[in-house]
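Single-structure report; data block below.
None of the figures in this text is laboratory data; all of them are computed from the coordinates on show. These figures come from a predicted structure and were not determined experimentally. Cβ placement follows ideal geometry from the backbone for every residue including glycine, while neighbour counts extend to all protein chains displayed.
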Amino acid sequence: MRRFFVALLAAALAPAALLTAQSRALDIYWIDVEGGASTLIVAPSGESMLVDTGYETDGRDAKRIHAAAQQAGLKQLDHVVISHYHGDHVGGLAALATMIPIGRVYTRGDKIAVPADQKWYDSMRAVSAGRRTIVAPGDKIPIKGVDVLVVSSDHQLLPKPANGGGPNALCANAEQKAPAGFENQAGVGLLLTYNRFTFLNLIDFDWATEMELACPINKVGAVTLFQSNRHGAWEGAGAPAFLGAIRPQVVVFNNGPRKGLGQVQEAKVITPPGVKVAPYERNGYARAAALPGIEGIWQGHLSLLDKDPKHNTSPDMIANFEETAECKGHFIRASVQANGQFTMMNGRNGFSRSYKAR
């Protein structure tokens, strides 16, 4: 009789447990690493993926990543993607590896173009010894319940369009700019898909690489959420033909107080002589705000380089306002439901806003 009641109880609890597992959200944390880059993704299955680890800076960024992982209830980081070998992307990796177990590490290849990047490459090799995977465009990072597609690596891009991509009419009369350097163009870029929700993270892609990805064929389609490339420094990035093709509903600027958004980095124009290019908004925030269909813009920091309210989003949607020395490192989080509804939340003040993936 006792066995019967135990079996009956187990049968009653099983649907509830299944429902709980199915109702878990996909969570994305933009961790404040002062204008470096670090994005933590926790799938509904509980598997985790960290993209980049911020600066070395006395372990500051590793501690912030670890704190976010703890808040997410993680005991380990199952997958860690190191997009490229700049210190603001891989600098925190060595310290982080002493704080939380790290599983598989995914990177681009081994070529180093600038001696200053050798230190960061060597750090990555030391941490990833015996568990490193070099990825190529078209590869998948295996996370149960979500599709994580590599769209770029080592100056190579997807061989054919994904996510409904196709011919891009915006390429006609589009301005062309000079490349921003070997590492920025070599990085691992990712397109994550969870049912109707799509998230594009191209790290430090420059204008030239954006144009290669979007023209004449848009290879990544339209996306729900876009993490600003080059931290929002959109003089050498944010090509209108690219942004207009991916048509994000929500943009997150992963900027710092004095890095990225508001930073002027003039890039040499290399549009062929005699080609008349279409005019476009020069300010990065204003350019994003003018995109057709844009519903929300969130910032890691108020830009202290350009504090004009017209050049920053609503204060409720900015996670940090201080200089680096005083910064508390508040995060931004997206919680995505299986039906495509997602809620953005500001870790500083708890302000949230919900959207529905188109």
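The angle between the Cα long axis of helix 2-23 and the longest principal axis of the Cα atoms of the chain comes to about 10 degrees, rounded to the nearest 10. This model, with +1 at the C-beta of Lys and Arg and -1 at the C-beta of Asp and Glu, gives the chain a dipole about its Cα centre of some 1200 debye. Comparing ALA37, PRO292, THR313 along the charge dipole axis of the chain, the residue lying farthest to the positive side is PRO292, per the Cβ-charge model.
A simple packing score, the average count of other Cβ atoms within 10 Å per residue, orders the peptides 220-230, 286-296 as 220-230, 286-296, with the highest score first. Residues considered: PRO44, PRO159, PRO216. Largest GNM mean-square fluctuation over the chain, using C-alpha springs under 10 Å, is found at PRO159.
Principal-axis analysis of the Cα atoms of the chain puts helix 60-71 at an angle of about 40° to the longest axis.
The helix-only estimate of mean residue ellipticity at 222 nm for the chain, built from DSSP H runs of length n ≥ 4 each weighted as -39500 (n - 2.57), is -6500 deg cm²/dmol after division by the residue total. Between the helical axis of 118-128 and the longest alpha-carbon principal axis of the chain there is an angle of about 20 degrees. Label separation (LYS75 vs GLU235): 5.0 nm, computed from points 7 Å beyond Cα along the C-beta direction.
Considering all different alpha carbon pairs of the range 149-275, the Kirkwood hydrodynamic radius works out to 14.6 Å. Cysteines in the chain lacking any other cysteine Cβ under 4.7 Å from their own Cβ: CYS327.
Based on the Cβ-Cβ distance from LYS328 to VAL275, what FRET efficiency comes out when R0 is 41 Å, to the nearest 0.05? Intermediate values should be presented prior to the final figure.
On the way: r = 48 Å, r/R0 = 1.16.
Once the sixth-power term is evaluated, E becomes 0.30.
Using the Cβ-Cβ distance between GLN118 and LYS356 with R0 = 56 Å, the FRET efficiency computed as 1/(1 + (r/R0)^6) comes to roughly 0.75. The stretch between ASP316 and ILE294 holds 6.2 nm of extra length on full extension. This uses 0.36 nm per residue minus the Cα-Cα distance. Annotation: lysines with alpha-carbon distance below 19 angstrom to LYS144 (same-chain offsets under eight excluded): LYS75.
Of LYS177/LYS307; LYS177/LYS276; LYS63/LYS111; LYS140/LYS219, which ones are farther than 18 Å apart at the Cα? Where the Cα-Cα span goes over 18 Å, the pairs concerned are LYS177/LYS307; LYS63/LYS111.
For the chain, what relative contact order do you get, as a whole percent, if you take Cα pairs closer than 8 Å and at least 6 residues apart?
Details: 858 pairs, mean separation 51.7, N = 358.
14 percent.
Between the alpha-carbon centers of the range 169-198 and the range 290-315, tell me the distance in whole angstrom. Using only Cα atoms to place each centre, the spacing works out to 21 Å.
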